[in-house]
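S.K.: Got a structure for you, written out below as structure tokens; questions coming shortly.
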4 protein chains.
Amino acid sequence: MKPDHAPLAQGELAARYPLIRKDTGRLAAPLTPEDCALQSMPDASPVKWHLAHTTWFFETFVLQRFAVRYAPFHPGFRYLFNSYYNTVGEQYPRPQRGLLSRPALDEVLAYRAHVDERMRAMLDGPTLGDEALGLVELGLHHEQQHQELILADVKHLLSLNPLEPAYAADGAHPAAAAAPLEWRARDGGVADIGHDGTGFAFDNEQPRHRVLLAPFEIASRPATSGEYLAFVEEGGYRRPELWLSEGWAVAQAQRWEAPLYWRHRDGEWREFTLAGARPLDAGRPVSHLSHFEADAYARWAGARLPTEFEWEHAAGAGGEVWEWTSSSYGPYPGYRPAAGAVGEYNGKFMSNQYVLRGSSCATPAGHARRTYRNFFPSGARWQFSGVRLARDAA
Amino acid sequence: MKPDHAPLAQGELAARYPLIRKDTGRLAAPLTPEDCALQSMPDASPVKWHLAHTTWFFETFVLQRFAVRYAPFHPGFRYLFNSYYNTVGEQYPRPQRGLLSRPALDEVLAYRAHVDERMRAMLDGPTLGDEALGLVELGLHHEQQHQELILADVKHLLSLNPLEPAYAADGAHPAAAAAPLEWRARDGGVADIGHDGTGFAFDNEQPRHRVLLAPFEIASRPATSGEYLAFVEEGGYRRPELWLSEGWAVAQAQRWEAPLYWRHRDGEWREFTLAGARPLDAGRPVSHLSHFEADAYARWAGARLPTEFEWEHAAGAGGEVWEWTSSSYGPYPGYRPAAGAVGEYNGKFMSNQYVLRGSSCATPAGHARRTYRNFFPSGARWQFSGVRLARDAA
Amino acid sequence: MKPDHAPLAQGELAARYPLIRKDTGRLAAPLTPEDCALQSMPDASPVKWHLAHTTWFFETFVLQRFAVRYAPFHPGFRYLFNSYYNTVGEQYPRPQRGLLSRPALDEVLAYRAHVDERMRAMLDGPTLGDEALGLVELGLHHEQQHQELILADVKHLLSLNPLEPAYAADGAHPAAAAAPLEWRARDGGVADIGHDGTGFAFDNEQPRHRVLLAPFEIASRPATSGEYLAFVEEGGYRRPELWLSEGWAVAQAQRWEAPLYWRHRDGEWREFTLAGARPLDAGRPVSHLSHFEADAYARWAGARLPTEFEWEHAAGAGGEVWEWTSSSYGPYPGYRPAAGAVGEYNGKFMSNQYVLRGSSCATPAGHARRTYRNFFPSGARWQFSGVRLARDAA
Amino acid sequence: MKPDHAPLAQGELAARYPLIRKDTGRLAAPLTPEDCALQSMPDASPVKWHLAHTTWFFETFVLQRFAVRYAPFHPGFRYLFNSYYNTVGEQYPRPQRGLLSRPALDEVLAYRAHVDERMRAMLDGPTLGDEALGLVELGLHHEQQHQELILADVKHLLSLNPLEPAYAADGAHPAAAAAPLEWRARDGGVADIGHDGTGFAFDNEQPRHRVLLAPFEIASRPATSGEYLAFVEEGGYRRPELWLSEGWAVAQAQRWEAPLYWRHRDGEWREFTLAGARPLDAGRPVSHLSHFEADAYARWAGARLPTEFEWEHAAGAGGEVWEWTSSSYGPYPGYRPAAGAVGEYNGKFMSNQYVLRGSSCATPAGHARRTYRNFFPSGARWQFSGVRLARDAA
């Protein structure tokens, strides 16, 4: 990969590498070996797989190319932990990741330690070129993406267990009162969209280009669970006129009646969280919505989703939930994927997915930015995804 | 429906109605009752169903609302021939349209005659208001859309028959030599996109709005079968790096090796056509491509698909194949579906489909226009769909 | 095939052939071309296919082998209308029989006439050997089996049509009062089972052999719809303890609540029949039961199904419904399939099916006999299948 | 349950209980927590589930009914570890057993210890009645059945892992030379079949009854891998005339080319075993055959499968592989399931399965007997199942 920006300095990367890698380990620490081995659905992966795959990324794209005399930790891992890089070779089938009892968690942790030690030696050693440094930096951002996926996947797995186990206790958690929703007007005109090349960005945030916007208004915050509850209780899941045709078909087939982790029991709405099941917290942003639900909610509310351009133009980054936009995930004008295997990182997924903007409670600090483009299929609900309303200027 | 434009005059509609309706009958004329009753896949419909549904459209949206003392031809048809209008009521399941041996073709033709007679009386009678006239006009455009679908669906049905029956003989058909492909440069800047309200347009072509384009180049004609054959023969269907990830998965699962109706037998490429199987005609536009194949072909050719805005800005309408664009099918800024049941015509399908522009050999004369937006899912191959290349300005 | 018995004399076959073939035509006479072309599910076949396949049987097994200079009516039919004879060649896929709009019904009827004419000439001609005569006789019994299948398949197809069309009007039909159910005791001991070789029998009814039976009792008639209704109304479809495990799973997955053609509307039980929908006739034998339902009903009634040996030992043949037995369909001791292609007629289906005995209202006169073994999978409901109770001797 | 035989004395059960329970623990000892948590297919269960379910059996059927003041170890386990007893209550869905990361293996082992301690106290305590003792005895046989399932399920799980892990090393294992196959003639006549009530038997082995057999011959040993290899290499998996129709369809759909764990690599046949992958051992009995394969092999060999009655009459029990018979699994004449929940143990599975006789290398010592009836569906291959030939007397 020839990065479009100057990568971080080697010393800075040497400092960040162990911190970010340890963060991943900390996320897995509360989990048992069994928690780490199971796969709850084809879309999700076992935690153990995340731990190994992120390591595979450094081994394959950095150590095997730039380290002196690096021998792979295990010859079978090149195949087992390749997610989707055809350039690297064949891949173990994704829906079967939960069939791998071996390597055991301990062996995967040893794999992490082994690669970390070699990475440390490399980063502390002779000066590396920009390509190597750029790949290390990419690997760290990749690692952070998987940190969020670990939480989403574990939450999904535990939610299916009738024992309703908690991932982690959390402390006292007073119900929040959300600020009143306000509409913020934004002028139209030509906006600059995409990353300007200062610091790291994924290839899909580039090239920076100009887009013509009409005047619009955007909500001051995402919708809360309390607001969404009104949609549910006023029959939102039973009124086809509020839904995209495909969304209605999916909602009927999968018997959706509320967001993924909401449960109605004994007259009370509860929500499964990483701390176990709890009463619904009306003041917090509603989460775990599909694009279809976000779209139907917006229609019900007499509004619409923002485009990703409106969002980038208007909103700051960061927040408690990713925010669905109405924009299909596609290439920016002039987009070119990176050369080599990492060119498969983003571009080949540019079909039939929708863009989410912002960040969530599960996003590692410092990972997101205003131009960041997250993306998932319209029916995906297990991410920390919510909805912010927009509307045309009056 | 409150049409956005002034509908055609009543006299003009009275003249056009019987012509367009007869065109539909002419398309069905070469077919046996069995040809008209079968459904080859859930995406397709029996011809008999098309004949009845287009009639249902006039009966439900025009006669039942605006005719004096109109009694439905058959009480069960409201349910049987409702395609997807939730506002009208429940619908007979689409994948089971091929299970209806009754009503027989004769009865459906009698249904057509009955509605046509009442429509004639109405259009020849007292002056109608704009809403009624607008719905008649919409119904005629709707009828023309189904004329094209009849050909696509019949072709698919006959193609599955090992006897390779022909829909219709065609005359002498000398192989065409395509003109050499040229690149046409277009300046960027602000372009006006969408229908200007003069004459009929579907709601999805509106509102007219401005879009900022970068300079680009677009091919002078769609790719030919001969050009596409080079892609096939150079391993285009075996090289994942040319494909979108989802497209590759579909192509593998469905074992695609060439366009839908191409067959390789005894060392020769043949193509199933409405006139039966024939040697591949290298000079004609390649047809029956999915969006995935069009996209992979463009990548192989070192080019890309045009956006629908580039297409509208640069190309004239009309041609032998619909042309896939890179644009996901979504609402134009400020889009509002029509009020009432016909509001379900277009808007609710604005997810996970891609826009095709132009028209095809199966499109009725006068139906298409420069701002017309056709749309299908990425994997659809049974439409008369091809590919025109584009690229960024050098 | 070397028949185990002396076939009928040539003159007798020459007399029977046209009568039985005409019976088939009579069954199809009330049907439209569309009725004859559609396939309602993979288990069923279009009537047109039955008409052609039975003709194919005579063409392939008789005319092509024994007629002088016989040229096939159409070269493609050998493939299209081969049901399951691997020895003859590949077969057109069964679930796609409903995709064949061509040959049209008229052409299939011409195929029948062509083969019938050649068969007539052959049977009226020089003396044929036993092998040829045996195959003609087999073909006529085969034809009669398909006569019953035509009625079962048409009933299923029409039952799925919301218009509830009738296959044929039937006359005044006074509700029958069933005779009281009586228990008939039978001694145990060694019973002779299977066909004795006098006259025609299928290979699966042979060899005749001896079976040891314990004393048992068997009902004087099959269960009526009225008796079965008590099972339904006492929760028979909601009590897993009455069902085989697999039956319960199927009943839940397919949401069974009553026999296939029963419908509960506005507080009344109705039944779809070949004469259209009618009030349930409590006095007639319950029909269209799966093996699972027959078994559950017997358990609910404190009884069991008879074995096929008990049935043959005790019952006479003939009746209004086929009667499920508890016997899995397998070979009799010493069973040998016929040599050649017709050896695929019965033997290869001897797994995971259960035997039905007797005959039904749809069975052609003279077709069944006491040793006849009909067989279907446990979940099949679209045949004219009911239940007769049995129990161990006190 | 009112056992049909006198159960073992309380002292004898007190002695056997800990031995058999420890055997189960020993089987799990070589496995990691991840090995124990995964489910490789819906037919198989995680080892952890086996460990818990067998414990649940004693807790539910013995302790909760006969122990003084027994409180369940965990209130959720009644639901989680109920396999299929509708009488006890609803069941956690079988295909989702691999989604339970909790309870952890440690907690399941604590559950076992808890129940074992209470069982010990009970068996060492005051005299128990026959019903309680009979259920303890049943529970121990049930435990032994799951011991074999643990090995079958673990083998299947590990076989899917590209790393080809071994369950356990085994020692030097010289290739065996099988004795030549001999045919043993048996007279026909009336044979006594089923258990005589001396000692333990499952309800499905009873009542003892008489069956009439024709003279037959049976092989002196099961077929070896070497013999089966000849079938494979002579095209056995490509010749439909050797197969039952349903078996051929399954074999084609699942692309069978050899027994489940055979692999052809680099010109050599290898076999996955509990000790990892090894060269095929031609002298040992072929294992992991489906009923369909056993049947096809027998047909190829000019023989047939024995009936379960022939097997019981002729063979001794015990061996290295279970032996498929031609007998569908059904009730013996006069069969009555046990009263209460354990009545669901056997009877409700008597449809669409075939009987295997004997025992295998994975069967605990002392578990099997001559009258033992094992049963699986025709397509099941992951059991230790082989084939012994039979034929009619000349």
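Values in this text are rule-based calculations from the coordinates and carry no lab data. On a predicted model such as this, the values are computed, not experimentally measured, just so you know. Every residue, glycine as well, gets a Cβ built from its backbone with ideal geometry; the counts of neighbours run over all protein chains shown.
S.K.: So, with +1 on the Cβ of K and R and -1 on the Cβ of D and E, and no other charges, what is the size of the charge dipole of the range D:10-159 about its Cα centre, to the nearest 20 debye?
M.R.: 260
S.K.: Take peptides B:288-299, D:257-268 and line them up by average Cβ neighbours within 10 Å, highest first, as a rough protection proxy.
M.R.: B:288-299, D:257-268
S.K.: Another question, if that's okay. Taking the mean number of other Cβ atoms within 10 Å as a proxy for protection, how do you rank B:352-363, C:365-376 from highest to lowest? Walk me through the numbers before you get to the answer.
M.R.: Values: B:352-363: 23.4, C:365-376: 18.0.
Answer by packing, highest mean first, reads B:352-363, C:365-376.
S.K.: Continuing with this model, one more query. Rounding to the nearest 10 and keeping the result within 0 to 90°, find how far the Cα-based axis of helix C:291-300 lies from the longest principal axis of chain C.
M.R.: Tilt of helix C:291-300: around 20 degrees.
S.K.: Here is a follow-up. So what is the relative contact order for the range C:213-274, in percent, with contacts set as C-alpha pairs under 8 Å and at least six apart? The partial results should precede the final answer.
M.R.: Numbers: 21 pairs, mean separation 11.8, N = 62.
For the range C:213-274, the relative contact order is 19 percent.
S.K.: Report, for A:G276, each distance to the same residue's label point in the other copies, shortest first and in nm; define the point 7 Å along Cα→Cβ.
M.R.: Counterpart label points of A:G276 in the remaining copies fall at 4.5, 6.4, 7.6 nm.
S.K.: Turning to a different aspect of this structure: Which distances, shortest first and in nm, link A:R208 to the matching position in the other copies, using label points set 7 Å out along Cα to C-beta?
M.R.: When each copy's label point is compared with this one, the spacings are 3.5, 9.3, 9.9 nm.
S.K.: How many Cβ atoms of partner chains, on average, are near each residue of B:345-358 if near means within 10 Å of its Cβ? Let's see the in-between values first.
M.R.: Working: counts 0, 0, 3, 10, 3, 6, 13, 12, 3, 4, 0, 0, 0, 0.
For this peptide, the per-residue mean of nearby foreign Cβ atoms is 4.
S.K.: Name the long-range amide H neighbours of C:S378: under 5 Å, sequence gap of 5 or more, or other chain; modelled H, no Pro or chain starts.
M.R.: C:Y354
S.K.: Let me ask you something else. Restricting to DSSP H runs of at least four residues, report the calculated mean residue ellipticity at 222 nm for the protein assembly as shown, -39500 (n - 2.57) per run over all residues, nearest 500 deg cm²/dmol.
M.R.: Working: 40 runs with 496 residues, N = 1576.
Only helices count here, giving -10000 deg cm²/dmol.
S.K.: Still on this structure, I have one more. Under a 5 Å amide H to amide H cut-off, with H placed in plane at 1.01 Å, what residues pair with D:L213 once short-range neighbours are removed?
M.R.: D:G189, D:V190, D:A191
S.K.: Give a residue-ordered list of calculated ³J(HN,Hα) values for the range B:254-267 (Karplus: 6.51 cos²θ - 1.76 cosθ + 1.60, θ = phi - 60°; whole Hz; x for Gly, Pro).
M.R.: 9, 6, 5, 9, 5, x, 3, 9, 7, 9, 9, 9, 6, x
S.K.: Mean separation of Cα pairs under 8 Å and 6+ residues apart, divided by the residue count of chain A: what relative contact order is that in percent? Intermediate values should be presented prior to the final figure.
M.R.: Details: 679 pairs, mean separation 75.9, N = 394.
Across chain A, relative contact order equals 19 percent.
S.K.: Can you tell which of C:L128, C:H53, C:P42 lies farthest toward the positive end of the dipole of the range C:1-130, using +1 and -1 charges on the Cβ of basic and acidic side chains (Lys, Arg; Asp, Glu)?
M.R.: My answer, from the dipole projection, is C:L128.
S.K.: Is the protein assembly as shown best put as rounded, prolate or oblate by its Cα gyration tensor, with a ≥ b ≥ c the root eigenvalues, rounded for a/c under 1.5, and otherwise prolate when a/b is larger than b/c, oblate when not? List each step's numbers first, then the result.
M.R.: Values: a/c = 1.73, a/b = 1.18, b/c = 1.46.
In terms of gyration-tensor shape, oblate.
S.K.: If the elastic network links every pair of Cα atoms under 10 Å, which of B:R69, B:R112, B:R304 fluctuates the most in the Gaussian network model of chain B?
M.R.: B:R69
S.K.: Which value, in debye to the nearest 20, gives the size of the charge dipole of the range D:183-392 about its Cα centre, when Lys and Arg are +1 and Asp and Glu are -1 at the Cβ? Display every interim value, and only then the final one.
M.R.: Values: 24 positive and 25 negative charges, 40 e Å.
With Lys and Arg at +1 and Asp and Glu at -1, about 200 debye.
S.K.: Across peptide A:240-248, what mean number of C-beta atoms from other chains lies inside 10 Å of a residue's C-beta? Walk me through the numbers before you get to the answer.
M.R.: On the way: counts 5, 7, 1, 3, 6, 8, 7, 3, 3.
Going residue by residue through A:240-248 and averaging, the value is 5.
S.K.: Is there a simple number for the mean count of other chain Cβ atoms within 10 Å of the Cβ of residues in D:38-48, and what is it?
M.R.: Values: counts 9, 3, 4, 1, 0, 0, 0, 0, 3, 1, 1.
Counting Cβ atoms of other protein chains within 10 Å of each residue's Cβ and averaging gives 2.
S.K.: Another question, then. Hey, if you put +1 on the Cβ of every Lys and Arg and -1 on every Asp and Glu Cβ in the range A:10-159, which of A:V115, A:L140, A:P103 ends up farthest toward the positive end of that dipole?
M.R.: A:P103
S.K.: What are the ³J(HN,Hα) couplings of the range B:76-83, residue after residue, when phi is run through the Karplus curve with 6.51, -1.76, 1.60 and θ = phi - 60°? Round to Hz, x for glycine and proline.
M.R.: Karplus values, whole Hz, x for Gly and Pro: x, 6, 3, 7, 5, 10, 7, 6.
S.K.: Same structure, new question: What residue in chain C has the Cβ closest to the axis turning C into B, and how close is it in whole Å?
M.R.: C:P33, 2
S.K.: Per residue of the range B:100-108, in order, report the coupling 6.51 cos²θ - 1.76 cosθ + 1.60 (Karplus, θ = phi - 60°) as ³J(HN,Hα) in whole Hz, putting x for Gly and Pro.
M.R.: For the range B:100-108, the Karplus-derived couplings read 9, 6, 10, x, 5, 3, 4, 5, 5 Hz, x marking Gly and Pro.
S.K.: Could you name the aspartates and glutamates in cross-link range of B:K348, using Cα to Cα under 15 Å and dropping any fewer than eight places away on the same chain?
M.R.: Filter leaves A:E241, A:E246, A:E293, A:D295, B:D203, B:E205.
S.K.: Related question: Any idea what the relative contact order of the range D:10-159 is, in percent, if you count C-alpha pairs under 8 Å spaced at least 6 apart? Numbers along the way, then the final one.
M.R.: Numbers: 145 pairs, mean separation 60.5, N = 150.
For the range D:10-159, the relative contact order is 40 percent.
S.K.: Let me ask you something else. Sorting B:I150, B:I193 on the 10 Å Cβ count, fewest up front, what's the list?
M.R.: Working: B:I150 24, B:I193 20.
Ascending Cβ contact count within 10 Å gives the list B:I193, B:I150.
S.K.: In nm, what does the list of distances from B:Q145 to its counterparts in the other copies look like, shortest first, when each label sits 7 Å along Cα to Cβ?
M.R.: Result for B:Q145, in nm, nearest copy first: 3.7, 4.9, 5.9.
S.K.: Another question, then. In debye to the nearest 20, how big a dipole does chain C give about its Cα centre with +1 on each Lys and Arg Cβ and -1 on each Asp and Glu Cβ? Intermediate values should be presented prior to the final figure.
M.R.: On the way: 40 positive and 47 negative charges, 91 e Å.
Its charge dipole is roughly 440 debye.
S.K.: Rounded to the nearest Å, what's the spacing between the alpha carbon centres of the range A:219-237 and the range C:281-299? Just the number, please.
M.R.: Using only Cα atoms, the two centres lie 51 Å from each other.
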